[in-house]
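One structure is given below, encoded as structure tokens.
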Amino acid sequence: MTIVWFLLIGLAAGWLAGQIMKQPGSGWLQDLIVGVIGALIGGFVFGLLQIRAVGLIGELISATVGAVILILLLRRLR
């Protein structure tokens, strides 16, 4: 069940990051991939800053921040 929650949070975070960054044409699969990778990045960044993401909302915020960072990095590489 934990994997299901991780994927759902990743999907929501990817969608939110796409809305924040005004990324057109992203589908649910791209949102899921960006959100899951963003969750890993967000967890790493929050760990470096010694910020604890507690609960569902905290995890969603962390994943969204990581997804926004990922989108920024991908835009810079293009």
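Since every read-out is calculated from the coordinates, none of them should be taken as a lab result. Only a predicted model underlies this, so the values are computations on that prediction, with no experimental measurement involved. Reconstructed Cβ throughout: ideal geometry from the backbone, glycine too, with neighbour counts over all protein chains shown.
A few points about this structure:
- Whenever a residue of the stretch 1-13 is within 12 Å of Gly66 (Cα to Cα), its partners that are buried (at least 19 other Cβ atoms within 10 Å of the Cβ) and hydroxyl-bearing (Ser, Thr, Tyr), lying with C-beta atoms within less than 7 angstrom and at least six residues away or across chains, give the pairs Ala13/Thr64.
- Positions within the stretch 42-78 being closer than 16 Å to Leu7 by Cβ and aliphatic (A, V, I, L, M), in sequence order: Leu56, Leu60, Ala63, Ala67
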